[in-house]
1. If I model a spin label as a point 7 Å beyond the Cα along the Cα-Cβ vector, how far apart are those points for residue 109 and residue 168 in nm?
2. Over region 121-186, what relative contact order in percent results from Cα pairs under 8 Å that are six or more residues apart?
3. Take the chain, connect every pair of alpha-carbon atoms lying under 10 Å apart with a spring to form a Gaussian network, then pick out the residue of 104, 181, 58 with the largest mean-square fluctuation.
4. Take a quick pass over the chain and tell me how many lysine pairs come in under 24 angstrom between Cα atoms, counting only ones 8 or more apart or on separate chains.
5. Please identify the chymotrypsin sites (Phe, Trp or Tyr not before Pro) of region 101-195 that satisfy two criteria: DSSP loop assignment and at most 14 other Cβ atoms within 10 Å. Which are they?
6. Answer with a single label: of (i) 50, 43, 32; (ii) 90, 30, 29; (iii) 70, 50, 44, which was calculated as Cα extents along the principal axes in Å from the structure in view?
7. Got a sec? How would 245, 54 order by Cβ neighbour count within 10 Å, fewest to most?
8. How much net charge surrounds residue 191 when only the other residues with a Cβ under 10 Å from the Cβ of residue 191 are counted, with Lys and Arg +1 and Asp and Glu -1?
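Any read-out appearing in this document is the output of simple, stated calculations on the displayed coordinates, not a laboratory observation. Nothing here was measured: the structure is a model prediction, and the numbers come from that model. Glycine also receives a Cβ, built like all others from the backbone with ideal geometry; neighbour counts cover every protein chain displayed.
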Amino acid sequence: MKPFRARPNAVAVVGIILLSVFSNATLAADADKVFEKGLAAAEAAEYGNAAEAFTASLGDRPAEGTLLNLGLVEWHRGRVGEAVLSWQRALWIDPHNREAQNNLRFAGRAADIDLPELTWFEVASTWLPVNDWVWITGASLWLAGCMVTLPGILRWRRAGWHQTLAAFGLGVFLLSVPAHLGVITRTNIGVVLEKGALLRLTPTDQAEMISPLAAGESARRLREKGDYWFVNTRHGKGWIRKDQFALVCSR
């Protein structure tokens, strides 16, 4: 039997909304406090404490500024893979962040690593933040659907502007489809975390080595088996341990 559930009245709904707003504000305030603690630790060259604080702040509120600072702290700690991962994640939030782009270019030159090669539709997906593509696609499809169906439902006299708006909405929707495909395929891009990580022929610790991988190197996840990812790198395809590789979009 299902438990009884009280039907929420208007007062309860308002209370839930206010509680949600208050909770979000509290989380934001807590994240700011932890972020400031991380900044103080970074300025004192206490990079381990700073990394812990920035990571905790990200747990409360993911933000590109926090990711940028976490990347800098990890770089100072000599953790190239973690630094590159943080800057890549900052770009996931804001693909036009110049500071993250410059840091990644610097890391590529300093550590001799390649940035991920993107297909044309993946490049298109970086023109706008991921959430913007969602809004554009939803709004354009809604506009096209409304202009096609509403005149008949509401018995409006059909006009030329109805068809124009429907065509415009459908056109925007179709143009956004490749960008959405690019967002999906980019979720398989990840970063090698550990220096000396090995690309192996089979998903076992005793498997033949194909090539050593550099920390910060990019790769694409293709599939998984047990504790291993099968990835595509500049050295070819092979298996890498999951704890040595992290996806940029962690979801």
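1. The modelled label-to-label distance comes out at 4.5 nm.
2. Taking the mean separation of contacting Cα pairs over the length of region 121-186, I get 56 percent.
3. Among 104, 181, 58, the largest GNM mean-square fluctuation belongs to 181.
4. Qualifying lysine pairs in the chain: 5.
5. Loop-located and lightly packed - 127, 156.
6. After the calculation, the listed value that fits is (iii).
7. Working: 245 22, 54 29.
If I rank by nearby Cβ atoms, fewest first, I get 245, 54.
8. With Lys, Arg at +1 and Asp, Glu at -1, the net is -1.
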